[in-house]
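Down below is the structure, laid out as structure tokens.
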Amino acid sequence: MSLRVYNTLTKQKELFQPVKPGQVGIYLCGPTVYKPPHIGHMVGPVIFDAVKRDLQYKGFAVNWVVNITDVDDKLINEANERGTTMREVAERCTRDYFECLALLGVDTIDHFPKASEHIPEIVAMIESLITRGHAYATDGNVWFDVATDPDYGKLSHRTAEEQEAGLRDLEGSGKRNPQDFALWKAAKPGEPMWESPWGPGRPGWHIECSAMSMKFLGETFDIHGGGMDLLFPHHENEVAQSECATGHTFAKYWMHNGLTKVRTKAASGEWKSEKISKSVGNVIDVRDTVRQWGAELLRYVLLSTHYRSPIDFSDDVMVAAKKGLATFQRLFERVHRLTGQPLPDKGDDIDRAAAGLLETDHAAYARSMLALKMKFLEMMDDDFNTAGAIAVLHEMAGEVNAFIEKNDLERTKLPELLAAVTAGAQTLKNLGVVLGLFRKLAPASPGQDDALTGKLMDLLIQLRQDARKTKNFGLSDAIRKGLTEMGVTLEDRPDGTIWRRD
Ligand SMILES: [Zn+2]
């Protein structure tokens, strides 16, 4: 098995070979903190959280950096509209962003450098570009001279004409070439500013990422990630200025994730998918979604599509995914019920138990579970195919459930076979954790009492079951009736009893 990663630079899957053996540096372009985060802002962090977990599972030491762009025109405009400062806007939105990451269990990011705290590094890099003849200053602005970089366009694979057509930013005078982009912008009255050799001003957006990524990860590092929409001009400019400043390769592998689209039904009754944007009015708030559906389900949905494909977001998608995720929850509850113990957060995989089973009548189960574990790891090795990996987890759940039924374990509860069931379910759980699933994330509609309610209901269901076992039907009926009066319905299924509020 060996990891292969699709590299935007070469437009193909390549064997992953880190710059330093055993270590991986990842830089993901973070948010421009001027508005509360929406679902689209969480896609990259959730995907790269799974990427980092997988690399750690494979034994790499991973250093992951996500920048915070807290100096930008968008922040200045927002501050002016609200009659506040750029700093206040940045601090509030950064707090929001951190809260949403925590809600979704994205807890593996090592550094969050802020542009405003790296002005000296940015200025030093611009000076080096001027010294090497790749940049020039006019009227307090500094421009990158695109004509001096023969490699310009190599990442986005655009021709010179396409580059010009794609430019969104033609501001500023004194440019030698329309493609030249700002490294340093002269201060306008009333704007935040820093001193520099070219007069007071602030950095351009692209140079912030180059300076911060190299500070934390070195001049050449392994993976640079970001949304597909950042490929041009942002990432193209990052490569150009970084490699012209150092003379070395900047990032070895460029990974771009697809964008989130929202599926809505038009008045005509037709479905359409649109990119999330304020002007379309389809911005989906992260906290609202978690409140409605739960954090784990949102994470599950974001990982159920291959990261390079766009994610179609809609209530239908969430409802379907909820059924998928419930398969696992039901299995974990079933194992808990059969063995009397919940699965621990970390426990032994199937490997040891399988060795013991291979000489028995249950060898087929052992072999199949081992093969599925391999298949999961192969999916992740194939350009982090989380969607394929989740499909394998479903196959594993099917195997464990089939093993329980085939051996009639609900009735016989044979300890050595239950041990095999536990080992199988634990393997599934451990692999899920590689994706960041099956941890304690925010449930849907969190209320202060929800955790306690869950525990009390588990207890009542257990008492009712015990009552039925001892043929105390008066008590078991009284429990059901009492709950019905409170608006709680119990449903007995082959794999256990579930409850729901009416
Ligand atoms: Zn960036």
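Okay, here's what the table says:
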quantity	calculated
Dipole axis of segment 450-501 (+1 Lys, Arg; -1 Asp, Glu on Cβ), positive-most option in ILE461, LEU483, PHE473	PHE473
Percentage relative contact order, segment 231-376, counting C-alpha pairs under 8 Å, at least six apart	16 percent
In segment 257-319, the GluC sites (Glu not before Pro) that fall in loop regions by DSSP, at most 10 other Cβ within 10 Å	GLU270
Chain lengthening between GLU416 and LYS35 when straightened (0.36 nm per residue, less Cα-Cα)	131.6 nm
Selection from ALA266, PRO200, ILE284, by position along the positive dipole direction of segment 190-317 (Cβ)	ALA266
Packing rank of 191-198, 486-493, 98-105, where each peptide gets the mean count of other beta carbons within 10 Å, highest leading	98-105, 191-198, 486-493
Among TRP254, HIS234, PHE313 - extreme Cα towards positive end, dipole of segment 225-322, charges at beta-carbon	PHE313
Most to least packed among 199-208, 410-419, 73-82, 378-387 [average Cβ atoms within 10 Å]	199-208, 378-387, 73-82, 410-419
Förster-model FRET efficiency, 45 Å R0, ASP73 and SER2, C-beta, rounded to 0.05	0.55
Surrounding net charge for PHE473, when Lys and Arg each add one and Asp and Glu each subtract one, Cβ distance under 14 Å	+3
Cα gyration tensor shape of segment 52-201, rounded if a/c is under 1.5, else prolate or oblate by comparing a/b with b/c	oblate
Protection-proxy order for peptides 311-319, 64-72, 243-251, each taking the mean of Cβ atoms within 10 Å per residue, highest first	64-72, 243-251, 311-319
Full-extension gain in nm, LYS440 to ARG95, via 0.36 nm per residue minus C-alpha separation	122.0 nm
Computed helical MRE - 222 nm, the chain, DSSP H runs ≥ 4 contributing -39500 (n - 2.57), nearest 500	-15500 deg cm²/dmol
Gyration tensor over alpha-carbon atoms, segment 450-501, equivalent ellipsoid semi-axes in Å	17, 12, 11
Overall Cα dimensions of segment 106-146, principal axis frame, Å, largest first	43, 18, 15
Cα-Cα over 30 Å, subset of LYS52/LYS215; LYS52/LYS406; LYS52/LYS175; LYS58/LYS406; LYS35/LYS215	LYS52/LYS406; LYS52/LYS175; LYS58/LYS406
Gain in span if fully extended, LYS215 to LYS265, counting 0.36 nm per residue against the direct Cα distance	13.3 nm
Alpha carbon centroid spacing (whole Å) that separates segment 345-410 from segment 450-488	33 Å
The chain: mean projected area of Cα convex hull, nm²	28.2 nm²
Charged-residue dipole, Cβ positions (Lys, Arg, Asp, Glu), the chain about Cα centre, Debye nearest 20	1520 debye
Cβ-based net charge around VAL434, under 14 Å, with every Lys or Arg adding one and every Asp or Glu removing one	+3
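All of the numbers you see were taken from the coordinates with simple rules; none came from a lab. All values derive from a computational prediction rather than experimental measurement. Every residue, glycine among them, receives a Cβ derived from its backbone with ideal geometry; neighbour counts consider all protein chains shown.
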